[in-house]
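J.: Quick one: the structure is below, questions incoming.
The values are calculated or read from the model by the stated rules, or taken from the named source; none is laboratory data. In this text, all values refer to a predicted model and were calculated from it rather than measured experimentally. Quick reminder, even Gly has a Cβ in these numbers, built from the backbone with ideal geometry, and neighbours come from all protein chains shown. Surface accessibility is based on the protein's heavy atoms, side chains included, excluding ligands, DNA and RNA. Shrake-Rupley method; radii C 1.70, N 1.55, O 1.52, S 1.80 Å.
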Amino acid sequence: MNFSTDFSSNVQHMKRTLQVDTCFDVVYRVVELGGRRACLFFVDGLTKDEVLLKILQVFQAIKPEDMPADAHGFSKQYIPYGEIGLVSDETSAITQLLTGITCLFIDGYDKCLTIDCRTYPARGVSEPEKDKVMRGSRDGFVETLIFNTALIRRRIRDPKLIMEIMNTGESSHTDIAICYMQGRVDENLLALIKKRIANLKVDALTMNQESLAECIYPHKWYNPFPKFKFSERPDSAAACILEGNIVILVDNSPAAMILPSSVFDIIEEADDYYFPPITGTYLRLSRMTISLLTLILTPLWLVLLQNPDSIPPWLDFIRLSEPPHVPVFYQLMLLEFAIDGLRLAAINTPSMLTTPLSVIAGIVLGEYSVKSGWFNSETMLYMAFVTVANYSQASFELGYALKFMRILILILTGLFNWYGFWLGILISVCAVIFNRTIAGKSYIYPLIPFHLNEIKKRFLRQRLPHTEK
């Protein structure tokens, strides 16, 4: 419905739709302004009271004969504030009001004046728990969208940095910011992403970015390797934007969604660039090697134990020191699920109890599980390495993808011995090779298609390009 010059009708429609008599946090305030009736609507807790107070003080000095003929003239002459808008329909006014914007109705004007003096409850900018670095900036994204865009804008002071705002969700009306560099971004991919977001038919993005990712790219569920890279670091997001990637920020989420992302993009970390090239190369290659070991270490150990004749003399130390009471295959499978159970328990444990309970759990599960005969010490050792090594890279999604592939290889190895081991390796390789990014390109580019110079960039930390002045 479009607003009219009938002040009472406009206000009554807004009051009825917003249910101000029921919702205590939706405030409306009727005032007199230049001899005319005026009404303010705002959400308590989302408005800067001091800014609103100063604007109202200016209104008190307006004389009836000085009132402009329309809302546009009034906004230019009497609202000394930067972020002012005019809305002519009720739906847009209500949507903006519920995001924290103040709405002003004045008798005789057929438009609603919107004053963006909103403020959001937000925690301080601090280093993210997951994406920590040994050297580098210590700030991280928070749950407020405008803060996150400011953290990126602070790092890229270029007018070609574009930040487009979109809105989705029938009930949530969640704000989504699409950030990219004009002239560097893949225009076809950008158009595809904006089209899919615009065409979303969802009630709400309840799980923020994961809900958005599933909506804009409903990929095959049986391939666990991630299509998106998530980062809580504004420096990483800014670097990806400069490389031509698209960064999507969702309000109420402290992470940036980066796309398109290949497996090499996901493995990359900020520490690679906060150290000299030789150190960055070592860290990157170490991370790749350790990630590969987490996939094949326990299945390879299991298949060698099932075939003792295949163990070379220099690997005799991998044999079990004591006969197992429980088959090694079942030990490994039990530990795979037990470790996830302990991880979930650690997340839900109150912080004041984390240290003492972790000590107790380490003693009980480490020493007594071996003495009781449930597990052999070698099984505990290899699974401990796999568990700790899984944190060598920051992506939870990639870590669980490797875990699912490892469990698949273990099951096939336990059932079919060497044949099962190689079949599991083949399935894992195919899951990576035949995967595609959201742009439809190879998931393991530049290996397929082969590009030597890009391979050097992916595996070796090179000096950043610079120009002489």
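J.: Go through the stretch 410-439 and give me each residue that's closer than 18 Å to Val263 by Cβ and in a helix (DSSP H, G or I).
T.: Ile425, Leu426, Ile427, Ser428, Val429, Cys430, Ala431, Val432, Ile433
J.: A further question on this structure: Within the stretch 64-91, track down each residue that is of a type in the set (D, E, K, R) and either touching a strand residue (DSSP E or B) at 6+ places or on another chain (Cβ under 8 Å) or touching a residue at least 12 places away in the same chain (Cβ under 8 Å) (or both).
T.: Asp66, Asp70, Glu83, Asp89, Glu90
J.: Quick check on this structure: which one of Thr119, Thr168 is open to solvent by 50 Å² or more (accessible area, probe 1.4 Å) and in contact with a Leu (Cβ under 7 Å, 6 or more places away or on another chain)? Write out each step before concluding.
T.: On the way: Thr168 fails: open to solvent by 50 Å² or more (accessible area, probe 1.4 Å).
When all the criteria are applied, what remains is Thr119.
J.: A further question follows. Taking the criterion of being open to solvent by 10 Å² or more (accessible area, probe 1.4 Å), among the polar types (S, T, N, Q), over 30 Å from Leu292 (Cβ atoms) and not in a helix (DSSP H, G or I), would at least one residue in the stretch 205-218 satisfy it?
T.: Yes, the conditions are met somewhere in the stretch 205-218.
J.: Of the conditions (1) touching a strand residue (DSSP E or B) at 6+ places or on another chain (Cβ under 8 Å); (2) open to solvent by less than 40 Å² (accessible area, probe 1.4 Å), Phe225 clears all except one; give me its number.
T.: With (1) touching a strand residue (DSSP E or B) at 6+ places or on another chain (Cβ under 8 Å); (2) open to solvent by less than 40 Å² (accessible area, probe 1.4 Å) applied to Phe225, the lone miss is (1).
J.: Still on this model: Please specify each residue of the stretch 83-109 satisfying the condition of being farther than 20 Å from Glu170 by Cβ, among the polar types (S, T, N, Q) and open to solvent by 10 Å² or more (accessible area, probe 1.4 Å).
T.: Residue satisfying the conditions is Ser88 alone.
J.: Please work out which residue is most open to solvent (accessible area, probe 1.4 Å), limiting yourself to the stretch 31-53 and to residues that are over 16 Å from Ile101 (Cβ atoms) and without any contact (Cβ under 8 Å) to a residue 12 or more places away in the chain.
T.: The residue in question is Glu32.
J.: From Leu302, Leu295, which residue is within 15 Å of Glu397 (Cα to Cα) and assigned to a helix (DSSP H, G or I)?
T.: Values: Leu302 fails: within 15 Å of Glu397 (Cα to Cα).
When all the criteria are applied, what remains is Leu295.
J.: Then there is this: Considering Phe385, Phe421, which residue is of a type in the set (Phe, Trp, Tyr), under 30 Å from Pro128 (Cα atoms) and touching a residue at least 12 places away in the same chain (Cβ under 8 Å)?
T.: Phe385
J.: Which ones in the stretch 230-255 are open to solvent by 30 Å² or more (accessible area, probe 1.4 Å) and either among the charged types (D, E, K, R) or on the phi > 0 side of the Ramachandran plot (or both)?
T.: Result: Glu232, Glu243, Asn252.
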